[in-house]
Amino acid sequence: MDLLIGQLLTALAGASSLFLVASGLSLIFGVTRIVNFAHGSLYMLGAYLGVTLVEVLPGGWLGFWGGLLAAALVVGVVGLLLEVLLLRRLYGAPELQQLLATYAIVLIVQDVALAIWGPQDLLGPRAPGLRGAVAVGDQLIPAYDLFLVCLAPVVLAALWLLLHRTRWGILVRAATQDAEMTGALGIDQRRLFSTVFFLGAALAGLGGALQLPKGAADLHMDLQIIATVFVVVVVGGLGSILGAYLASLLIALLRVAAVANADAALFGVGVWQLELVLVFLVMALVLVVRPTGLLGRAEMARSPRALPPAPPLRPAGRRWQAAAAAVVALLAFMPWLAGPYSLSLLSEALVLALFAASLQFASGVGGMISFGHAAYFGFGAYASGLLVRWLAADMLTALALAPVAGLAAGLLFGWFCVRLSGVYLAMLTLAFAQIAWSLAFQWTTFTGGDNGLLGVWPAAWAASPTDFYLLTLALVVPALALLRRVTFSPFGLALRALRDHPGRAEASGLAVFRQRWLAFALSGAFAGLAGGLHAFLKGTVGPDRLAIPFSVDGLVMVLLGGLYSLTGPLVGAGLFTFLRAELLSLTDYWRLCLGLIILIVVIGLPRGLADLPRAVRSGRR
């Protein structure tokens, strides 16, 4: 019993830090409707600034606690500047555009932190007066953990008083329920949104700074925490501070239960090893049963306003057909024009073009926003790798089953996902993708765990860069042509009708669920084929192909090219592949350069590079 109590208190200490970050994100989303992927970067900045300021200020109680509070305030100012200079332009924009812009901030902040503090981890100072341990039964609990356990309810009470007993809090709650009506009543929304963003960013910075006595500040803190923070915010209810607190406690109890049942096993895997799976499984179950979360409200389900409708898609004319044929012919002649490295890079660009096209079919044509499309890519990659490693299957058999694996995953996950819409659908796709990633990461005996599956090499007849490039071209081009044909089929037309006017389409007799479910599964099949090709291209399959950053990479490719253009994702994938390769060879700060390019495209060309000709013509007029 004493051991269980000790584990519970330790978990509650972690839940307190998680609540600080999640409460800030929930507050920001509740008012601004911004899906702030960069909230983890603010958490990381709080940790790094905390180390620096504590070293600069005089020692003792004042230096330590003053440094942590100063770090939180500085991060709040950084968040305020981000809101004023960038995010203010994205209010009312689609979730994908918001995600892309905030992901660009993640890339920029990572390289800024690298330039200022270097690549090494920075150990934080110990909290003065809280360096010892307190005996709880026969267990010794760090005094700092007990401080964190008591801090979360204090912060919760302070936020409740701020939101319910002040004029500012009443305005915030009013904007959370109906921002347009709040603005119509004469409230200065810009100032209100800015103060909300300052407070949310300061809470994230405080959460990062308070982690210093428990661990080091490192450059991977942002992505390590953001997924769990999304779980807490979604489970608690978007915009609900109390819901975020209850969800953080639920996650803490779940982790304690996993550790307490460490001897139990499921499919040969210890329950404690499946802790991450259980966390995201809870998120998925809550979204399926109650999409608004534990304490979320129905009005939070409304999505941001979309961009003006795009011009209708039309089949390619003769000029475009001739141009496409010329491009394919040029690609077929590339083995005689390029060297092995360029051919390998072209193979990767083709694979990613198919992945981006499958994502564009789901999100652009079908209107189903996916934050976890890497799951289907990863299922195809792991299906091919596992067949080769465990069953010694030949390469063609493994490639043939890759789209089947992606299709099966799309059918399974899509059954639940397509019942939702907007940000809730996006979050459920993220939850399922994280479940798949957690299984691949922790099921070491089957998937190889963090090391992945090694030695997934192509057959001898396709081992050279030239032969594998030609094989990739022979598979990707027909797949893209088939996907385009489906888009212009009666099924594709019905899918676009559901995207643009769901109520009218349903009234016309279209089977909404069946159409969306089939489209979701079909996009998973094409992503699975891309994953299978990628496994043989790299010779290895790792859990990183299922992780959030790779899903975001796919969104970057789609939105760089154009969400509503069929050729845009292909252009975006090629540009992304070659741009990243060139930046990697030119500078250590390639993330900073890529992030700035993404921001320029998001702000200057919200419809992507496919809209560049129209923008040029409009500029001339």
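The values are calculated or read from the model by the stated rules, or taken from the named source; none is laboratory data. The structure presented is a predicted model; accordingly, all values stated were derived computationally and were not measured. When we count neighbours, we look across all protein chains shown, and the Cβ atoms used for this are built from the backbone with ideal geometry, even at glycine.
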Problem - Top-ranked residue of segment 471-503 - restricted to ones that are over 27 Å from the mean Cα position of the chain (by Cα) and either among the polar types (S, T, N, Q) or not assigned by TED's automatic domain parsing to the domain that holds Trp461 (or both), ranked as modelled with the lowest pLDDT - result: Ser489
Problem - Only one of Arg173, Arg190 that is loosely packed, with under 14 Cβ neighbours inside 10 Å, of a type outside the set (A, V, I, L, M), part of a helix (DSSP H, G or I) and at pLDDT 75 or above - result: Arg190
Exercise for the section: Search segment 504-524 for residues being within 21 Å of Tyr564 (Cα to Cα) and surrounded by fewer than 16 Cβ atoms within 10 Å (Cβ to Cβ), and hand back the single one that is modelled with the highest pLDDT. Expected result: Val512
Fill in the blank from the handout: Apart from one, (1) touching a Pro at 6+ places or on another chain (Cβ under 9 Å); (2) at negative phi; (3) crowded, with 19+ Cβ neighbours inside 10 Å all hold for Ala47; the odd one out is (1)
Practice task
Would you check if there is a residue in segment 449-458 being under 25 Å from the mean Cα position of the chain (by Cα), under 28 Å from Leu287 (Cα atoms) and of a type in the set (Gly, Ala, Ser)?
Solution key: yes
Exercise for the section: Filter segment 424-481 down to residues that are of a type in the set (Ser, Thr, Tyr) and within 27 Å of Ala357 (Cα to Cα) and give me whichever is surrounded by the most Cβ atoms within 10 Å (Cβ to Cβ). Expected result: Thr429
Exercise for the section: Report yes if some residue within segment 576-583 is buried (at least 19 other Cβ atoms within 10 Å of the Cβ), of a type outside the set (Lys, Arg) and in a helix (DSSP H, G or I); otherwise report no. Expected result: yes
Practice task
Quick one: which residue in Leu161, Leu246, Leu199, Leu219 is part of a loop (DSSP other than H, G, I, E, B) and either under 24 Å from the mean Cα position of the chain (by Cα) or at pLDDT 85 or above (or both)?
Solution key: Leu219
Fill in the blank from the handout: Pairing a residue in segment 522-536 that is hydroxyl-bearing (Ser, Thr, Tyr) with any residue that is part of a helix (DSSP H, G or I) and crowded, with 24+ Cβ neighbours inside 10 Å, where Cβ atoms lie under 6 Å and the two sit 6 or more apart in sequence or on different chains, gives Ser523/Ser358; Ser523/Phe361; Ser523/Ala362
Exercise for the section: Of the numbered conditions (1) at pLDDT below 90; (2) closer than 21 Å to His534 by Cβ, Leu420 fails exactly one; give the number of that condition. Expected result: (2)
Exercise for the section: Give the residue, chosen from Leu510, Leu563, Leu559, that is under 22 Å from the mean Cα position of the chain (by Cα), assigned to a loop (DSSP other than H, G, I, E, B) and of a type outside the set (Ser, Thr, Tyr). Expected result: Leu563
Handout entry: For Phe371: the one exception among (1) at pLDDT below 95; (2) more than 30 Å from Arg290 (Cα to Cα)
Key = (2)
Practice task
Would you be able to say whether some residue in segment 505-523 is among the small types (Gly, Ala, Ser), in contact with a Ser or Thr (Cβ under 8 Å, 6 or more places away or on another chain) and closer than 26 Å to Pro315 by Cα?
Solution key: yes
